[in-house]
Amino acid sequence: MIRLEKRPQPSRFWVVGAPVLAVLLTMIAGGIMFAALGKNPVEAIRIIFWDPLFSERFAGFSRPQLLVKAGPLILIAIGLSLGFRAGIWNIGAEGQYIVGALFGAAFGLAFWPSEHPLIFPGMIAAGLLGGFLWAMIPALLRVYARTNEILVSLLLVYVAEALLASAATGWLRNPEGSGFPGSRNLARNPGTDNPELIAGTGMHWGVLAAFVAVIAAYVIFSRHILGYQIRLAGEAPRAARFAGVNAGRLVILCLGASGALAGAAGLFEVAGPAGRISIDFNVGYGFTAIIVAFLGRLNPIGILLAGLLMALTFIGGELAQLMLGIPAAAIQAFQGMLLFFLLALDVLANYRFRWKREVAA
Amino acid sequence: MKMLPRLLASAALVAGLALPAAAQDDPFQVGFIYVGSPGDYGWTYEHDQGRLAVEEHFGDAVETVFLENVPEGADAERAITQMILGGADMIFTTSFGFGEATNAVAAQFPDVYFEHATGYMREHPNVSTYNARFYEGRAVLGHIAGHMTESNIIGYIGSYPIPEVIQGINSAFLHAREVNPDVEIRVVWTYTWFDPAVEADAAQALIDAGVDVLMQHTDSTAPQTVAQEAGIISFGQASDMIQFAPRPRVASIIDNWAPYYIRRVGEAMEGTWEQSDIWEGIDTGMVVIGEMTDAIPEDVRASAQAMIDAIAAGEYHPFTGPINRQDGSVWLADGEVADDGTLAGLNFYVEGITGEIPN
């Protein structure tokens, strides 16, 4: 009989090896699915993983897009990982992302069409603040009313979506848009835009912020007392209390930080790639970031890589739809396989298989 | 360790060699960007029917590609660009929310033709917009609804409070009222174009409020199912939804894009394509009223058909005065016809509709 035995230390080999094996298994399982759909599996896999990065025809455009797509995912996931490690579950990053974008856009539009150099920094501050305040609702309710932050933060996503719709059709609507929903285009105004910093790289302020957040989180977790408190609270809440960790303060800190980062991601998106507040501005970054956070094992470097991998499957998957006519649903199934194998093989890093003969008790 | 670079290099070579051949292939490639899936049996389904009609009409001379479930915003810009890098010569973006992205990409590819549905932005000479006068069809459905309702309450599932939807509500109400002075209209906003669960909830809420005729300006068939269970009548939206005939679906408003798509693709191939802003209705067949079933009394079918014919002949405009705004002020004087500019930005209800347009 096979038994799983917990390793005293996670296996160094499998920490690196498991993701590689997972990608290989996904290629095999996905390849079988594509073949069953009557598509050339080798070509499909090549288009998804290879063409966005290296094909002569697409890479020049796709490679920068990888950063554009991964930037908000990484920025939000880093924030979420702080709370997740401490057992504080912010499921509503999507809502904080929306409110951050609304605050930031509203700030920029309030001074329209000024091109003052302080407008954009002000928008960033407003974005951070918007996300922070939206996250404070579940945080304060949890600390002072003992409500469940999972539910409150999640339900506030739908409130934020209603706010977004009312902004797009009402109070932030472009006065020159002849009644159509959607705000003015922030990305086309020098005062409010979040431009590509180095031409042809896709790098905008939000991507830069994501990289900074990765480094900051790495430092916090490995060097700072806060990182220690977060881990302690997550792994041994009682011990944390005895060690003098203020649980309420930690909730406010973790939810506030993740909310602020999600809000900033929303601002960078609305002032850059998206350009404007529209009814369908949010496309699920806040939810996908939860997957990215866990895919990256709540580790900053892992999150960086997981964000890039997710972005690659989005962009490569789109190419596969286009070039081979693979249905969008099959691409989603393929992404699902990848997540499944990555998370399932995690067991190899923390456990080992043992053959054991049954012993009578 | 030396193997890896060589392996990468040879694979890159293979990839590089394989692709240019495809790029210079002869067929004119037309790409479609869908906001939903052709399986919605509504909005996107009809655009996909248009795509298939283009394929059938031009045969081997044209090749089509499409991307489904493309989010509006930054992702659309990427999707369109990748489509063009993949070889598309002409792009149809089939949702209002793709306007910004369409124009942004059009600036970078002046040789590619762009057609954006239901939008208004034409910032570059290679971008056209096209839309259908859905309100003409809504007038006919409102006429039927006014006759058919017994509770005198008509339900309307609105997607977003945008001019196109408000036109439809006003048009349906005016023509229901015309034949039934006691009729009222209840509107529920879903803030989505396609979400079967939300649409079903909206339908149920309206039925609970006493509605016995249901109209929808959202894309799924979920409201039809709810109407069927409740035993009330409804109208197909965007596509015929004939699978729900003869009841609850007693008629439908169909978006028929195929003739326009064939015409524009043909013009692009011949080099006679020019920028345009198309807004066509029942007269050219862009808006079609689907079969009226036996559930509708014969005389109502006849009067509805008369209205269709009058609109098609240009003798009747659904927004002909006297029409007052909701607040009682005069919008259109007796005999006055609404101009396209006002309609395109319509943001108020007509007199008699209760409730407010959300802001």
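The single condition among (1) outside any loop (DSSP other than H, G, I, E, B); (2) surrounded by fewer than 24 Cβ atoms within 10 Å (Cβ to Cβ); (3) in contact (Cβ under 8 Å) with a residue 24 or more places away in the chain that A:ALA306 does not satisfy is (2). Just one residue in the set A:ALA165, A:ALA213 is on the phi < 0 side of the Ramachandran plot and within 11 Å of chain B (Cβ to nearest Cβ); that residue is A:ALA165. Against the list (1) crowded, with 18+ Cβ neighbours inside 10 Å; (2) within 14 Å of chain B (Cβ to nearest Cβ), the condition A:THR192 fails is (2).
Annotation: A:ARG223 fulfils all but one of (1) within 11 Å of chain B (Cβ to nearest Cβ); (2) basic (Lys, Arg); (3) closer than 30 Å to A:PRO300 by Cβ; the unmet one is (1).
So which of A:GLY127, A:GLY122, A:GLY131 is without any contact (Cβ under 8 Å) to a residue 40 or more places away in the chain, in a helix (DSSP H, G or I) and touching a helix residue (DSSP H, G or I) at 6+ places or on another chain (Cβ under 7 Å)?
Selected residue: A:GLY122, the only one of A:GLY127, A:GLY122, A:GLY131 that is without any contact (Cβ under 8 Å) to a residue 40 or more places away in the chain, in a helix (DSSP H, G or I) and touching a helix residue (DSSP H, G or I) at 6+ places or on another chain (Cβ under 7 Å).
Of all residues in the stretch B:109-116, none satisfies being crowded, with 24+ Cβ neighbours inside 10 Å and aliphatic (A, V, I, L, M).
For a quick check of your reading: which strands (runs of 3 or more DSSP E) sit entirely within the stretch B:46-144 and have at least 1 residues that are out of contact with any Ser or Thr (no Cβ under 9 Å at 6 or more places or on another chain)?
Because the criterion is at least 1 residues that are out of contact with any Ser or Thr (no Cβ under 9 Å at 6 or more places or on another chain), the strands (runs of 3 or more DSSP E) in the stretch B:46-144 that meet it are B:62-67, B:90-93.
Filtered by the rule that a residue be under 14 Å from the mean Cα position of the chain (by Cα) and of a type outside the set (A, V, I, L, M, F, W, C), the stretch B:132-166 gives B:ARG133, B:TYR135, B:GLU136, B:GLY137, B:ARG138, B:GLY158, B:SER159, B:TYR160, B:PRO163, B:GLU164.
Of the residues contained in the stretch A:254-268, one or more are found to be at pLDDT 90 or above, touching a strand residue (DSSP E or B) at 6+ places or on another chain (Cβ under 7 Å) and more than 25 Å from A:ILE150 (Cα to Cα). Within the stretch B:246-269, none of the residues are buried (at least 16 other Cβ atoms within 10 Å of the Cβ), farther than 23 Å from B:ALA132 by Cα, out of contact with any helix residue (DSSP H, G or I) (no Cβ under 8 Å at 6 or more places or on another chain) and assigned by TED's automatic domain parsing to the domain that holds B:GLY146.
Flag not set for B:ILE278, criterion: closer than 16 Å to B:GLY146 by Cβ, in contact with a strand residue (DSSP E or B) (Cβ under 8 Å, 6 or more places away or on another chain) and in contact (Cβ under 8 Å) with a residue 24 or more places away in the chain. When the stretch B:145-169 is filtered for residues that are outside any loop (DSSP other than H, G, I, E, B) and touching a Gly at 6+ places or on another chain (Cβ under 6 Å), the ones remaining, listed by number, are B:ILE153, B:PRO163, B:VAL165. Within the stretch A:273-293, the only residue that satisfies the criterion of being within 19 Å of B:THR190 (Cα to Cα), free of Cβ contacts under 8 Å to residues at least 60 places away in the same chain and among the β-branched types (Val, Ile, Thr) is A:VAL283.
Please tell me if B:ASP201 is within 14 Å of chain A (Cβ to nearest Cβ), over 28 Å from B:THR284 (Cβ atoms), over 18 Å from the mean Cα position of the chain (by Cα) and not aliphatic (A, V, I, L, M). When the stated conditions are applied, B:ASP201 passes them.
Scanning the stretch B:103-158 for residues that are of a type in the set (S, T, N, Q) and in contact (Cβ under 8 Å) with a residue 60 or more places away in the chain turns up B:ASN126, B:SER128, B:THR129, B:ASN131, B:THR149, B:SER151.
The set of residues in the stretch B:169-185 being within 25 Å of B:THR118 (Cβ to Cβ) and either of a type outside the set (Ser, Thr, Tyr) or within 14 Å of chain A (Cβ to nearest Cβ) (or both) consists of B:ILE169, B:ASN170, B:ALA172, B:PHE173, B:LEU174, B:HIS175, B:ALA176, B:ILE185. Selection of first residues in the stretch A:245-261 that are closer than 16 Å to A:ALA101 by Cα and of second residues that are β-branched (Val, Ile, Thr), restricted to Cβ pairs under 8 Å at least 6 apart or on distinct chains, gives the following pairs, ordered by first then second residue: A:SER258/A:ILE76; A:LEU261/A:ILE76; A:LEU261/A:ILE78.
Scanning the stretch A:106-127 for residues that are more than 17 Å from A:HIS204 (Cα to Cα) and either of a type in the set (A, V, I, L, M, F, W, C) or in contact with a His (Cβ under 7 Å, 6 or more places away or on another chain) (or both) yields a total of 8. Out of the residues in the stretch B:80-93 meeting the condition of being within 7 Å of chain A (Cβ to nearest Cβ) and buried (at least 24 other Cβ atoms within 10 Å of the Cβ), tell me which one is nearest to B:GLU267 (Cα to Cα). The extreme case among them is B:MET83. I'd like to check something: does the stretch A:66-88 contain any residue that is more than 14 Å from chain B (Cβ to nearest Cβ), in contact (Cβ under 8 Å) with a residue 24 or more places away in the chain, more than 16 Å from the chain's Cα centre (by Cα) and at negative phi? Scanning the stretch A:66-88 turns up at least one residue that is more than 14 Å from chain B (Cβ to nearest Cβ), in contact (Cβ under 8 Å) with a residue 24 or more places away in the chain, more than 16 Å from the chain's Cα centre (by Cα) and at negative phi. Here the condition is being modelled with pLDDT under 95 and more than 14 Å from A:GLY108 (Cβ to Cβ); of A:ALA199, A:ALA187, A:ALA160, it holds for A:ALA199 alone.
The values are calculated or read from the model by the stated rules, or taken from the named source; none is laboratory data. All values derive from a computational prediction rather than experimental measurement. Ideal geometry is used to build each Cβ from the backbone, glycine not excepted, and the neighbour counts take in all protein chains shown.
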